[in-house]
Amino acid sequence: AGGTVFCVKHSYPALLEAGIVPWACVIIDPREVDGVSTHGIPRKKLLDRVHPDTLHLVAAMSNPGVTEHLLDKGARVVGWHADSGTARKIPIGEGQFWITGGTCAAFRAVGIAHVLGFRKIKMFGYDLALDGPPKDPMEKEDRSGKPKYIFLEIGKEKIPFWTTGELIAAAQ
């Protein structure tokens, strides 16, 4: 209660369902909006219900279909520039700057919050593993042709879990 909630598209529907209206939903997704997310959920479904009090902070490198879908749903959309090696080649306007801070929307939310003046940040629900083996993933390889889903074991107990290269990069 009394906090300012930032979220990502995967948590947005669950938060709304629980009666929690995020102040901002951070999105950074260059993939087609009609595709399936890393967690096996159709991306459009994650953004089908929007709340008028939520700002949808969409990275400029996101697929234009994401922005179009949100605008069609009546969402309030604000753009931002995600710092990356590829994006840095694109000129941005005077008075604009790159947001740093990670490989995924969840960690970019921290950078955005800091730029917006937030200094006390509590992070919840940063899970960098999948809830089991991928269920018939449509995309079996990443953009470089390497396996998209990776099986790992951690600790002396060899706790098994599935993840992706982008989630490992976020953990690093």
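The values are calculated or read from the model by the stated rules, or taken from the named source; none is laboratory data. All values derive from a computational prediction rather than experimental measurement. Virtual Cβ from ideal backbone geometry, glycine too; neighbours counted across all protein chains shown. For the accessible areas, the whole protein counts, side chains as well, though only heavy atoms, and no ligand, DNA or RNA atoms are used. Shrake-Rupley method; radii C 1.70, N 1.55, O 1.52, S 1.80 Å.
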Q. Restricting to the stretch 66-89, what's the tally of residues that are touching a Lys or Arg at 6+ places or on another chain (Cβ under 9 Å) and either open to solvent by less than 30 Å² (accessible area, probe 1.4 Å) or among the β-branched types (Val, Ile, Thr) (or both)?
A. 5
(Q) Please go through the stretch 145-168 and give me each residue that is over 15 Å from ASP127 (Cβ atoms), outside any strand (DSSP E or B) and open to solvent by less than 80 Å² (accessible area, probe 1.4 Å), ordered by number. (A) GLY145, LYS148, GLY155, GLY165
Q: Could you grab me the full set of residues in the stretch 45-89 that are assigned to a helix (DSSP H, G or I) and modelled with pLDDT under 90?
A: ALA87, ARG88, LYS89
Q) Does ALA14 fit the bill of being free of Cβ contacts under 8 Å to residues at least 12 places away in the same chain, surrounded by fewer than 16 Cβ atoms within 10 Å (Cβ to Cβ) and not in a loop (DSSP other than H, G, I, E, B)? A) yes
Q. Which members of the stretch 137-165 meet the condition of being modelled with pLDDT under 75 and closer than 24 Å to TYR12 by Cα?
A. PRO137, MET138, GLU139
Q) Say we look at the stretch 96-119 and pick out the residues that are closer than 20 Å to SER11 by Cβ and either aromatic (Phe, Trp, Tyr) or assigned to a loop (DSSP other than H, G, I, E, B) (or both); which of these is most open to solvent (accessible area, probe 1.4 Å)? A) LEU116
